[in-house]
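Written out below as structure tokens is the structure these notes cover.
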Amino acid sequence: MDFFLPPRCVLCGSSATRSCLCEACKSDLPWIASQCLQCGLPLNTSKDEICGQCIAKTPPFTHTLAALKYQFPADRLVQSFKFNRQLVAGRILSRIMSERAIRTGIDLPGAIIPVPLHRRRLVQRGFNQAYELAADISKHLNLPLLAMALRRRRNTKAQSGLNRKQRRKNLSNAFYWAGATKPCRHIALVDDVMTTGTTVAECTRVLKTAGAKRVDVWVAARAIRARKR
């Protein structure tokens, strides 16, 4: 099949390996060199550390694993996957996330959980991008996937355009634990992009109330100016 339909890079259209991302575009991705260990915010330091915001107000999650800055051309990958249903872009992102987890040597969780969509949004979009990422990561790292254990009870409005206070109010009581038993001790929560962290923070509170002791956040990309909103 590669002879008749040679793989093409999803970003530039040139010849690529089966990963569908050419080496030039891969090197152009805005990789995060150092980041806040807690919220994943990219830092202008030589090593990972805790940012001032997290020192001043500790988020409920323990650690954030983010591979890319949410800027060109990573934003094109995310948007093609999320809004144009280009699943190959999602597979590229999930592989990047899996490789990041292995390379950093972080403690792997007992299970991974995708940030849920409300059923109305799921019908409109046709798929949950967080679930697709989590499902691929589950296969790559051989981790249990709890696909339906965390659910969204309210079809909240889009978070974009809302300030931090409005985001928290918008998501208040939006999620609930639907697992047959309490969650395992260590959970990784998977999503495509982390902006202010309000969504994953609310999910973390629900998971901890249900019995989880540690919740990490795994995202494909981290917004750079999230803390200024």
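For segment 140-152, a residue qualifies if it is part of a helix (DSSP H, G or I) and over 10 Å from S94 (Cα atoms), and exactly one does: L141.
To keep it simple, each residue is scored yes or no on (1) buried (at least 16 other Cβ atoms within 10 Å of the Cβ); (2) part of a helix (DSSP H, G or I); (3) assigned by TED's automatic domain parsing to the domain that holds G197; (4) in contact (Cβ under 8 Å) with a residue 40 or more places away in the chain.
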site	(1), (2), (3), (4)
Q38	yes, no, yes, no
S46	no, no, yes, no
I55	no, yes, yes, no
P59	yes, no, yes, yes
L65	yes, no, yes, yes
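Scanning segment 106-139 for residues that are surrounded by fewer than 16 Cβ atoms within 10 Å (Cβ to Cβ) and assigned to a helix (DSSP H, G or I) yields a total of 8.
Given the criteria of a type in the set (V, I, T), out of contact with any Pro (no Cβ under 7 Å at 6 or more places or on another chain), under 21 Å from A220 (Cβ atoms) and not in a loop (DSSP other than H, G, I, E, B), does V78 qualify? It is true that V78 is of a type in the set (V, I, T), out of contact with any Pro (no Cβ under 7 Å at 6 or more places or on another chain), under 21 Å from A220 (Cβ atoms) and not in a loop (DSSP other than H, G, I, E, B). Scanning segment 90-110 for residues that are over 15 Å from the mean Cα position of the chain (by Cα) and of a type in the set (G, A, S) gives G105, G110.
Take the conditions assigned to a loop (DSSP other than H, G, I, E, B), among the hydroxyl-bearing types (S, T, Y), surrounded by 14 or more Cβ atoms within 10 Å (Cβ to Cβ) and more than 17 Å from the chain's Cα centre (by Cα) and apply them to S19. Does it pass? Yes; evaluated as a whole, the condition is true for this residue. Taking segment 46-77 as the range and being under 18 Å from C22 (Cβ atoms) and at pLDDT 95 or above as the test, only L68 passes.
The values are calculated or read from the model by the stated rules, or taken from the named source; none is laboratory data. Bear in mind that the values here come from a model prediction, so they are computed numbers and not experimental data. Counting neighbours? That spans all protein chains shown, and the Cβs are built from the backbone with ideal geometry, glycine included.
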